[in-house]
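As structure tokens, the structure follows; a few thoughts come after it.
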Amino acid sequence: MSPRRAACGVAALLALAACRGGDPMQRARDEMVDKQIAGRGVRDARLLAAMRRVPRHLFLPPSEAARAYEDRTIPIGDGQSISQPYVAAFMTEQLRLTGGEKVLEIGTGSGYEAALLAALAGKVYSVEIRPELAKSAEERLRTLGVSNVEVRAADGYQGWPEAAPFDGIIVTAAPERIPPPLLSQLAVGGRMVIPVGGFYQELKVIERTPDGYLERSVLPVRFVPLANPSELAPPRAPATPTVR
Ligand code: SAH
């Protein structure tokens, strides 16, 4: 077996995607990174390398895969969408990951952002409120050989208290206000990136210092709202009328 084939045989996501000759989407992915990501000022070399490797098209419904590397958000089913590549990159860069960190993601969606984080941090905890999306993202990550992500189907407003504190928290659905449980689960020295607002939203970066929290707005954005579990509860069966 040639060394290249042997390397490909490892078959983990990143090794698989590194088999450049074997991935027909590699050129589209490189172009996406050059034009949309590096071209707009993202500098983190590890992040750029991860975005060249992670096969974004495999995180989309087959009908959308051909458009995976376009400069836009794409529907992933259930009324939800995967962020535009640049927004995912910009948000991830704000976390300033250097490797080994423990990161919390709220809004697993397709699992694409979780796969990027998995390549940049030590361990990723990702919470998704829609059980079908959580299940398919988990299966997808497993199939691609990503082993350092845990997915939980739950309300991300509450964070993941048992695994806290987190060095980084990234929220990919917008609450009206920053959820207090997420603030308290951020480690001192850690950073959270979160869209906040209703129709008009601001992407905020929050740093926890020994004395408190430093907050700044970095970009106007448009994300799906952070859902409240009561909005997603299946409609109750009509109560049986009482006959007197
Ligand atoms: N990061 C995702 C895209 C996220 S889209 C990706 O890379 O594909 C936003 C996701 O947040 C949706 O999947 C939506 O179901 C989820 N979401 C919305 N409200 C939530 C909540 N309260 N807790 C956890 N996830 C939530």
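The values are calculated or read from the model by the stated rules, or taken from the named source; none is laboratory data. Fair warning: this is a prediction, and the values are worked out from it, not measured in the lab. Please note: Cβ atoms are built from the backbone with ideal geometry, for glycine as well, and neighbour counts cover all protein chains shown.
Six or more apart or on different chains, Cβ atoms under 7 Å: show the pairs whose first residue is in the stretch 187-198 and free of Cβ contacts under 8 Å to residues at least 60 places away in the same chain and whose second is among the hydroxyl-bearing types (Ser, Thr, Tyr) and surrounded by fewer than 19 Cβ atoms within 10 Å (Cβ to Cβ).
Listed by first residue and then by second, the contacts come to 188/209.
If you scan the stretch 145-157, which residues turn out to be of a type in the set (A, V, I, L, M, F, W, C) and either without any contact (Cβ under 8 Å) to a residue 60 or more places away in the chain or touching a Phe, Trp or Tyr at 6+ places or on another chain (Cβ under 9 Å) (or both)? Write out each step before concluding.
Step one: of the stretch 145-157, the residues of a type in the set (A, V, I, L, M, F, W, C) are 146, 149, 151, 153-154.
Answer for the stretch 145-157, where residues must be of a type in the set (A, V, I, L, M, F, W, C) and either without any contact (Cβ under 8 Å) to a residue 60 or more places away in the chain or touching a Phe, Trp or Tyr at 6+ places or on another chain (Cβ under 9 Å) (or both): 149, 151, 153, 154.
Conditions (1) modelled with pLDDT under 95; (2) part of a loop (DSSP other than H, G, I, E, B); (3) within 26 Å of residue 166 (Cβ to Cβ); (4) away from the ligand (no atom under 16 Å from the Cβ), marked per residue:
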position: 206; (1), (2), (3), (4): no, no, yes, yes
position: 216; (1), (2), (3), (4): no, no, yes, yes
position: 220; (1), (2), (3), (4): no, no, yes, yes
position: 227; (1), (2), (3), (4): no, yes, yes, no
position: 234; (1), (2), (3), (4): yes, yes, no, no
position: 242; (1), (2), (3), (4): yes, yes, no, yes
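Give all pairs with beta carbons closer than 7 Å in which a residue from the stretch 205-231 that is in contact (Cβ under 8 Å) with a residue 12 or more places away in the chain and over 16 Å from residue 182 (Cα atoms) meets a residue that is near the ligand (Cβ under 9 Å from one of its atoms) and of a type in the set (D, E, K, R); count only pairs at least 6 apart in sequence or on separate chains.
Filtered contacts from the stretch 205-231: 229/155.
Quick one: residue 50 ticks every box in (1) modelled with pLDDT under 95; (2) surrounded by 14 or more Cβ atoms within 10 Å (Cβ to Cβ) bar one, so which box is it?
Result: residue 50 fails condition (1) only.
If residue 162 meets every condition in (1) more than 10 Å from the ligand (Cβ to nearest atom); (2) of a type in the set (Asp, Glu); (3) under 13 Å from the mean Cα position of the chain (by Cα) apart from one, which number is that one?
Status for residue 162: all satisfied but (3).
Of the residues in the stretch 78-134, how many are in contact (Cβ under 8 Å) with a residue 60 or more places away in the chain, near the ligand (Cβ under 7 Å from one of its atoms) and either on the phi > 0 side of the Ramachandran plot or not small (Gly, Ala, Ser) (or both)?
Count: 7.
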